[in-house]
Amino acid sequence: TDLAKIRNFSIVAHIDHGKSTLADRLIQETGTVKDRDMKEQLLDSMDIERERGITIKANTVRIDYTADDGDTYVLNLIDTPGHVDFAYEVSRSMRAVEGSLLVVDSSQGVEAQTLANVYHAMEADHEIVPVLNKIDLPASDCDRVAEQIEDVIGIDASGAIQVSAKTGQGIRETLEAIVQHLPAPKGTRDAPLKAMLVDSWYDAYLGVIVLVRIMDGVLKKGMRVKFMSNDTLHNVDRIGVFRPEMQMIDSLGPGEIGFLTASIKQVRDTRVGDTITNDRNGTEVALPGFKPAQPVVFCGLFPVDSAEFEDLREAIDKLALNDASFSFEMETSAALGFGFRCGFLGLLHLEVIRDRIEREYNIELITTAPSVIYHVFMKDGEKIDLHNPADMPDMSKVDHIQEPRIKATILVPDDYLGDVLKLCQERRGLQEDLTYAGSRAMVVYDLPLNEVVFDFYDRLKSVTKGYASFDYQMTGYREDALVKMSVLVNDEPVDALSMMVHRDRAEMRGRAMCEKLKELIPRHMFKIPIQAAIGGKVIARETLSALRKDVTAKCYGGDATRKRKLLDKQKAGKKKMRQFGKVDIPQEAFISALKMD
Ligand code: GTP
């Protein structure tokens with residue numbers, strides 16, 4: 001394809017502002033998919049994505065569009081995820097395209113992820129076309145939102161296109177704007193091949209599929225190519241494009257976006273940001289590589305039924321094949337037996353993986369408290385990266401501990417600002433900035449990541465009735481007075497419940513935890529002390545009183561079936577518990593006990 005007739009772009013938006021709906025409309029309008037084949041949310045291919053309404057894996061589609069000037073253009077859309085956990089995917093795919101549509105819900109306005117995502121686009125030097133969506137809604141206010149885009153983001157929004165992805169209004173104008181305002185890609189056909197590895201994922205039939213953007217040269221079927229980061233060679237078996245279903249072609253030229261397969265077995269063998277070139281006489285200079293995504297949140301996953309450990313291993317192995325950002329290693333816990341310590345990009349990533357294991361592999365899981373990576377500096381000079389509070393060395397040997405910090409940006413209507421500041425303060429936040437854009441405040445806080453990973457987002461949503469939006473990025477490590485808090489149930493330490501806390505907050509957290517556990521653990525035939533401790537010192541204590549519980553007692557002898565039913569029920573209830581010493585702890589206790597309200 002002639003370079004001048006190509007436009008490559010992505011859509012940036014806050015969650016729910018209509019990115020997927022707009023993408024579907026663009027596809028439909030250009031006849032890329034026949035109407036009767038059109039499913040809602042075509043680009044969100046996974047079930048979980050569909051259910052949760054979030055886009056996880058970046059997807060791409062090639063659209064042919066005959067513009068008002070009579071020429072036919074090839075438009076390549078790369079779909080990017082909208083959630084903060086997947087920021088790395090956003091920034092990587094941005095570098096493969098020249099422009100972005102900035103979609104803002106005109107009944108809502110600019111949100112935290114609008115900002116975060118548009119900054120990625122600006123960093124990648126994109127031309128940006130603002131699109132005001134949902135103009136069919138009565139609350140839509142295009143003038144106000146256009147002004148807000150100019151004030152907060154600092155780009156010209158006078159030519160913003162007014163769209164309803166629902167009714168189809170403004171779709172044609174959007175396509176014209178893509179052709180008119182976005183730059184064509186640059187590249188040299190006669191140069192050695194230089195292609196960017198944009199993304200990769202596992203397909204059961206084709207093996208690993210590699211999404212590429214050709215910078216220079218031509219990628220052809222049957223070619224032998226080199227992945228420059230690790231000098232591996234591969235024979236290209238297939239080349240194709242997404243329309244959005246796969247269509248095989250023979251070659252891809254400069255400026256084009258498509259995929260290749262080369263009998264690659266694992267996603268792990270492909271490095272995002274890598275440069276692909278010819279086996280011989282390839283390019284000398286690789287593209288500036290991207291940083292591989294690093295997991296930042298860790299937790300233990302254990303099967304409720306320990307007999308399912310092997311099934312869990314298989315499930316995790318399979319999921320990891322297709323998700324290079326998910327890490328795991330085997331873990332044994334005194335209380336929970338065999339399981340895995342897993343690393344995730346964030347909490348949503350954790351939830352998605354956990355849901356998939358439970359749903360697709362039918363394994364019930366116990367999830368331990370999410371933790372971040374602490375840097376523990378020992379008195380003897382050794383430095384330990386602590387992924388699991390259970391592995392915390394003896395405090396007397398520890399010199400100091402550093403924890404990861406984040407910069408959090410929160411946008412919130414005025415009315416709720418007080419509650420947001422209070423929440424951030426409670427979570428040991430340091431205020432860095434507070435500005436206004438219309439009736440909304442934008443606050444920037446420096447916060448410890450460990451105060452955010454658990455339930456910060458849920459709390460933020462609840463104190464602001466859902467009106468706040470939130471985004472964060474890691475900033476670095478800082479020393480603080482951190483200690484390990486252990487929990488003892490019936491005098492036995494439950495390693496899966498131990499956590500790192502700030503010394504000043506330990507007592508409060510300990511007390512809350514003991515109270516919660518007292519509610520969550522059913523009474524037994526004996527008295528159960530529940531304690532929180534730092535080192536050998538108990539900082540909080542509750543006692544669960546004894547109960548003589550004979551479920552069959554109220555069945556007045558006679559009815560044997562009824563008796564059996566009750567006993568069966570009791571047994572079934574038991575299955576979801578784990579025994580700790582002599583005590584049964586229900587699986588949901590591990591998560592619920594940690595929630596702060
Ligand atoms: P993520 O994939 O989670 O990032 O969300 P998204 O930005 O892709 O939003 P999506 O397209 O899923 O739209 C969110 C909701 O808004 C859906 O319920 C859509 O039906 C609705 N929606 C999208 N565009 C419009 C519009 O123009 N008008 C109205 N009334 N609703 C719309």
_Give me the residue from segment 428-465 that is in a strand (DSSP E or B), open to solvent by less than 40 Å² (accessible area, probe 1.4 Å) and not aliphatic (A, V, I, L, M) and, out of that set, modelled with the lowest pLDDT._
R440
*Just need a number here: residues in segment 112-160 that are within 12 Å of the ligand (Cβ to nearest atom), surrounded by fewer than 19 Cβ atoms within 10 Å (Cβ to Cβ) and not charged (D, E, K, R).*
4
*Filter result for the condition that a residue is more than 8 Å from the ligand (Cβ to nearest atom), in a helix (DSSP H, G or I), hydrophobic (A, V, I, L, M, F, W, C) and at pLDDT below 85, over I48, I56, I27*: I48
_Criterion first (open to solvent by 20 Å² or more (accessible area, probe 1.4 Å), part of a loop (DSSP other than H, G, I, E, B) and out of contact with any strand residue (DSSP E or B) (no Cβ under 6 Å at 6 or more places or on another chain)) does T167 satisfy it?_
yes
*Say whether the condition of being surrounded by fewer than 17 Cβ atoms within 10 Å (Cβ to Cβ) and among the small types (G, A, S) is met by at least one residue in segment 466-476.*
yes
*Consider only pairs whose beta carbons are under 6 Å apart and that are at least six residues apart or on different chains; among these, list those whose first residue lies in segment 385-399 and is on the phi < 0 side of the Ramachandran plot and whose second residue is of a type in the set (S, T, N, Q) and surrounded by 14 or more Cβ atoms within 10 Å (Cβ to Cβ).*
P389/S371; P389/S498; A390/S498
*Filtered residue count, segment 405-427, keeping only those that are assigned to a helix (DSSP H, G or I) and not charged (D, E, K, R)*: 8
*Would segment 144-162 turn up any residue that is under 24 Å from R25 (Cα atoms) and among the acidic types (D, E)?*
no
_Pairs please, first residue from segment 486-509 and under 14 Å from K582 (Cβ atoms), second anywhere and part of a loop (DSSP other than H, G, I, E, B) and open to solvent by 20 Å² or more (accessible area, probe 1.4 Å), Cβ atoms under 7 Å, 6+ apart in sequence or on different chains._
N490/G581; N490/K582; E492/G581
*Six or more apart or on different chains, Cβ under 8 Å: which pairs go from a residue in segment 8-31 that's within 28 Å of A468 (Cα to Cα) and free of Cβ contacts under 8 Å to residues at least 12 places away in the same chain to one that's within 12 Å of the ligand (Cβ to nearest atom) and open to solvent by 50 Å² or more (accessible area, probe 1.4 Å)? Could you list them?*
none
*Could you tell me which numbered condition R224 fails, if it satisfies all but one of (1) in contact (Cβ under 8 Å) with a residue 60 or more places away in the chain; (2) under 30 Å from G240 (Cα atoms)?*
(1)
*asked:* For segment 326-404, give me every one of the strands (runs of 3 or more DSSP E) that falls completely inside it and has 1 or more residues that are surrounded by fewer than 17 Cβ atoms within 10 Å (Cβ to Cβ).
replied: 327-333, 337-344, 374-378, 383-386
*So which pairs qualify, if the first residue must be in segment 131-142 and more than 19 Å from G159 (Cβ to Cβ), the second must be open to solvent by 20 Å² or more (accessible area, probe 1.4 Å) and near the ligand (Cβ under 10 Å from one of its atoms), the Cβ gap must be under 7 Å, and the two must be at least 6 apart or on different chains?*
D136/K166; D136/T167; L137/S107; A139/S107
*Any hit, segment 179-192, residues being among the hydroxyl-bearing types (S, T, Y), under 30 Å from S263 (Cα atoms) and either more than 29 Å from the chain's Cα centre (by Cα) or surrounded by fewer than 17 Cβ atoms within 10 Å (Cβ to Cβ) (or both)*: yes
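The values are calculated or read from the model by the stated rules, or taken from the named source; none is laboratory data. Here the structure is a predicted model, which means the values were calculated and not measured. No Cβ is skipped: glycine too gets one built from the backbone with ideal geometry, and neighbour counts run over all protein chains shown. SASA here: full protein model, heavy atoms, side chains in, ligands and nucleic acids out. Shrake-Rupley method; radii C 1.70, N 1.55, O 1.52, S 1.80 Å.
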